[in-house]
1. Go through region 36-93 and give me each residue that's open to solvent by 60 Å² or more (accessible area, probe 1.4 Å), in a loop (DSSP other than H, G, I, E, B) and of a type in the set (A, V, I, L, M).
2. Could you identify the single residue in I39, I15 that is among the aliphatic types (A, V, I, L, M) and at pLDDT below 95?
3. Please find, within region 18-35, the residue that is least open to solvent (accessible area, probe 1.4 Å) out of those that are modelled with pLDDT under 70 and not in a loop (DSSP other than H, G, I, E, B).
4. Please identify the pairs in which a residue from region 57-79 that is within 15 Å of R24 (Cα to Cα) has its Cβ atom under 6 Å from the Cβ atom of a residue that is in a strand (DSSP E or B) and among the β-branched types (V, I, T), counting only partners at least 6 apart or on another chain.
Amino acid sequence: MPTEVQEETLTLEEILASLKEMHRLILWNDDVNSFEHVIYCMMKYLDYSETQAEKIAWKVHNEGKCAVLEGSFTEMEVYRKILQQEGLTVSVD
C-alpha cells in the first residue's frame, strides 16, 4: 500500500521569517556614563523621544539593565558596536 505524502508550500517570506530569531540589545548600568549621555545616545541612535530615553536611563539606573531594542542578531550587533563606540555598556541577548 503506497504512503501518501502531503506537500506543504511556503513562501520565501514565511521561510525567512521562521529563520529570523529575535535578539535583544541590552543596555547595562555603569559608573562611567551620565544620564545625559545615555539619553542623548538613545535619542540619536535608537530614535527614542526624550521622555522614552529618560525612562530607559532610570530603568538602567534602578534595575541594572534594560532591553532597548529587539531584532535580528546582525541588526543588534550593528547597534551594539555603535553604542559601544559611544562608551555605553551593551550586549546582545
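1. none
2. Working: I39 fails: at pLDDT below 95.
So the residue among I39, I15 that is among the aliphatic types (A, V, I, L, M) and at pLDDT below 95 is I15.
3. So in region 18-35, the residues modelled with pLDDT under 70 come out as 18-20.
From the residues that got through so far, the ones that are not in a loop (DSSP other than H, G, I, E, B) too are 18-19.
Working: S18: 92, L19: 126 Å².
Only one residue fits best here, namely S18.
4. Going by the 6 Å Cβ cut-off, the qualifying pairs are K65/I26; A67/I26; M76/V92.
The values are calculated or read from the model by the stated rules, or taken from the named source; none is laboratory data. In this text the structure is predicted, and so the values were computed from the model without any measurement. Cβ coordinates were reconstructed from backbone atoms using ideal geometry, including for glycine residues, and neighbour counts include every protein chain displayed. Calculation scope for accessible area: heavy atoms of the full protein, side chains included, ligands and nucleic acids excluded. Shrake-Rupley method; radii C 1.70, N 1.55, O 1.52, S 1.80 Å.
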